[in-house]
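Structure first, commentary second.
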Amino acid sequence: MGRGAYALARVAVYTRTAGTALWWTGAAAAGAGLAVPGLTGRRIGILGGAALFLVAAVAAFLARRRRCTGLLKASTAAGKWVVLHDRAVTVRAWLRRRRWWLAAAFLAAVASSLAAPAAGGMLLAGAGAGLWAKAVWLGRWERRNEKLLWVRPEWADGRSPSRKDVRGWMTTGPLAGDAAPGGARRRSPAPGAARERRPRARVTAAAR
């Protein structure tokens with residue numbers, strides 16, 4: 001898909017980064033919200049927040065599920081020469097695009113504690129948990145098929161790897177890049193994978 005050299009970023013890293021960011025933003029907002037008595041009281045706020053957590057987690061996990069399944073089935077092997085983004089590069093790109101949105105979400109969740117303590121924060125944390133679970137689901141596909149899923153970053157636009165403008169996902173072998181299946185850091189580099197970790201190193205079909 002595409003000719004000549006082009007860049008690729010990991011699909012699971014985008015998803016995992018979004019989940020982690022929402023989880024910690026929500027956890028911090030929920031903790032701050034517990035300091036506010038609120039109109040409903042802390043007990044009702046926490047119970048309501050627990051229900052919101054579950055609903056948000058399921059909704060985030062199932063969001064664009066059909067789109068993701070279609071992209072998985074239609075995924076193609078990456079071209080002969082590609083530039084693989086390091087995990088840290090993809091994480092920074094996502095956070096840079098979303099830092100003000102996360103700050104606004106944190107403030108809104110804390111403010112909602114005036115009505116129901118911790119509920120808004122638990123809603124955000126639930127969305128983060130659902131996205132993290134989706135990254136795990138993608139990681140299982142990658143392990144089962146011994147392939148890693150990638151997307152062109154200009155298509156994802158620093159946001160979602162399954163957004164409408166994404167024309168397709170591409171695959172490489174399991175040793176490409178510096179992130180493990182599911183988007184987590186590799187615990188120990190695999191033999192022969194050192195040269196593939198460089199963000200601007202060219203990866204040939206033989207290396208994959």
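I'd like the full set of residues that are touching a strand residue (DSSP E or B) at 6+ places or on another chain (Cβ under 8 Å), over 24 Å from Trp100 (Cβ atoms) and of a type outside the set (A, V, I, L, M), limited to the range 146-161.
Answer for the range 146-161, where residues must be touching a strand residue (DSSP E or B) at 6+ places or on another chain (Cβ under 8 Å), over 24 Å from Trp100 (Cβ atoms) and of a type outside the set (A, V, I, L, M): Lys147, Trp150, Arg152.
Inside the range 144-159, can you point out the residues that are open to solvent by less than 30 Å² (accessible area, probe 1.4 Å) and either over 17 Å from Thr17 (Cβ atoms) or of a type in the set (Gly, Ala, Ser) (or both)?
Ala156, Gly158
Among the residues of the range 112-128, how many are open to solvent by 30 Å² or more (accessible area, probe 1.4 Å) and assigned to a helix (DSSP H, G or I)?
3
Which condition breaks for Ala29 when tested against (1) open to solvent by less than 10 Å² (accessible area, probe 1.4 Å); (2) touching a Lys or Arg at 6+ places or on another chain (Cβ under 9 Å)?
Tallying (1) open to solvent by less than 10 Å² (accessible area, probe 1.4 Å); (2) touching a Lys or Arg at 6+ places or on another chain (Cβ under 9 Å), Ala29 fails exactly one: (2).
Please count how many residues of the range 167-208 are at pLDDT 65 or above and over 21 Å from Ser75 (Cβ atoms).
Qualifying residue count, the range 167-208: 3.
Do we find that Val36 is crowded, with 18+ Cβ neighbours inside 10 Å, closer than 16 Å to Trp150 by Cβ, hydrophobic (A, V, I, L, M, F, W, C) and in contact with a Leu (Cβ under 8 Å, 6 or more places away or on another chain) in this structure?
The answer is no for Val36.
Can you tell me which residue within the range 64-105, out of those that are among the polar types (S, T, N, Q) and not in a helix (DSSP H, G or I), is farthest from Trp24 (Cα to Cα)? Break it down into steps so the answer makes sense when it comes.
Of the residues in the range 64-105, the ones among the polar types (S, T, N, Q) are 69, 75-76, 90.
Then keep just the ones that are not in a helix (DSSP H, G or I); that gives 75-76.
Working: Ser75: 32, Thr76: 34 Å.
Here the residue is Thr76.
The values are calculated or read from the model by the stated rules, or taken from the named source; none is laboratory data. This structure is a prediction, so every number in the text was calculated from the model and none was measured. For neighbour counting, all protein chains shown are included, and Cβ atoms are generated from backbone atoms with ideal geometry for every residue, glycine included. All accessible areas refer to the heavy atoms of the entire protein, side chains included, with ligands and DNA or RNA removed. Shrake-Rupley method; radii C 1.70, N 1.55, O 1.52, S 1.80 Å.
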